[in-house]
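Following: one structure in structure tokens, then a few remarks.
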Amino acid sequence: MLRVAPGLLLVCLASAQSFDVATLKVSPPPKGNEININIGTARNGRVTLTNATLNDCLKFAYGLVSDAQLSGPDWISSGVIRFDIDARAPADTPREQLLLMLRTLLTERLKLTLHHEERALPYLALVIGKNGPKFSESRPDPEARARNVTFGGRISGVQLSMSGLAVLLSRFERQTILDRTGLGGSYDLELAWALSSANNDTAGPSIYTALQEQLGLKLESRRGPLDVLVVDRAEKAPAEN
């Protein structure tokens, strides 16, 4: 019978949570007033985030969709300090494992301390309209990936999940939008609408009208318990790579 020395299993598990190579560095803020909907990528053993706030990084790592699900110092969401992350592991590493490794990377390099709280918060639920969805499921293609437009109110998606769509809508509209469609596949879709920002003068339908007419989806106002990630401490300058 194989006997494991005390502490050895913990060491093995810890090493499984580490990337082979990882860089996390401060990057300059974007120019102008462009909307940053950076939700990162985690595929083929590689995790990347570019010009992302710590809020962006944490939302990606923990599967959160909006700033309402995060609480902490102002600087983590203000955009004054942003980060570039490029981390690599074996190509067959599952996405879920990559995100766990990203959490460890952020914790170690930025000396994070976090805790979770459950709070009753308002949100918009993305649900299927009465006549059903108006988009098609993607054909299997390992080389295809979601294409996300980062300006205006437009999303052109290939192999985009409903949870991914909810995240993008949350970033554009700056509201908490959660996927409640029950659709678990990946889809090809096109959506265009006029942003609800007070500074936006682009002509077009509201997000509510566009979702119903173009995708057969709708948004419902709800309130309920949501998990909130609280940042107790974080360094602005990451530890050396």
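Estimate the FRET efficiency between Thr23 and Val80 by the formula 1/(1 + (r/R0)^6), using the beta-carbon distance for r and 25 Å for R0, to the nearest 0.05.
The formula returns an efficiency of 0.75 here.
Probe 1.4 Å, all protein chains in place: accessible area of Thr104 in Å², nearest 10?
The accessible area comes out at roughly 40 Å².
Please list 3J(HN,Hα) in residue order for the stretch 219-225, calculated via the Karplus relation 6.51 cos²θ - 1.76 cosθ + 1.60 where θ = phi - 60°; whole Hz, with x for glycine and proline.
Computed from phi, the couplings for the stretch 219-225 are 10, 10, 6, 9, 9, x, x Hz.
Which entries in Lys25/Lys111; Lys59/Lys134; Lys25/Lys59 show an alpha-carbon gap greater than 21 Å?
Violating the 21 Å Cα-Cα cut-off are Lys59/Lys134.
Could you work out how much longer the chain between Leu99 and Thr209 gets when fully extended? Use 0.36 nm per residue separation minus the Cα distance between them, nm to one decimal.
So the chain would gain 36.2 nm between Leu99 and Thr209.
Apply the Karplus parameterisation 6.51 cos²θ - 1.76 cosθ + 1.60, with θ equal to phi minus 60°, to every residue of the stretch 20-27 and state each ³J(HN,Hα) to the nearest whole Hz, in sequence, with x for glycine and proline.
Taking θ as phi minus 60°, the curve returns 5, 9, 8, 10, 9, 9, 6, 10 Hz for the stretch 20-27.
Check Arg82: other-chain or 5+ apart residues with amide H under 5 Å from its amide H, H built from backbone geometry?
Correct list: Ser27.
Determine ³J(HN,Hα), in whole Hz, for all residues of the stretch 183-195 in sequence, where each value follows from phi through the Karplus function 6.51 cos²θ - 1.76 cosθ + 1.60 and θ = phi - 60°; x replaces Gly and Pro.
8, x, x, 10, 9, 9, 7, 10, 9, 9, 7, 8, 4
Per 0.36 nm of contour for each residue apart, how much would the distance between His115 and Asp227 grow if the chain were fully extended, relative to their Cα-Cα spacing?
The span from His115 to Asp227 would gain 39.3 nm if fully extended.
The values are calculated or read from the model by the stated rules, or taken from the named source; none is laboratory data. Keep in mind it's a predicted model, so treat the numbers as computed, not measured. Quick reminder, even Gly has a Cβ in these numbers, built from the backbone with ideal geometry, and neighbours come from all protein chains shown. For accessibility, only protein heavy atoms count, side chains too; no ligands or nucleic acids. Shrake-Rupley method; radii C 1.70, N 1.55, O 1.52, S 1.80 Å.
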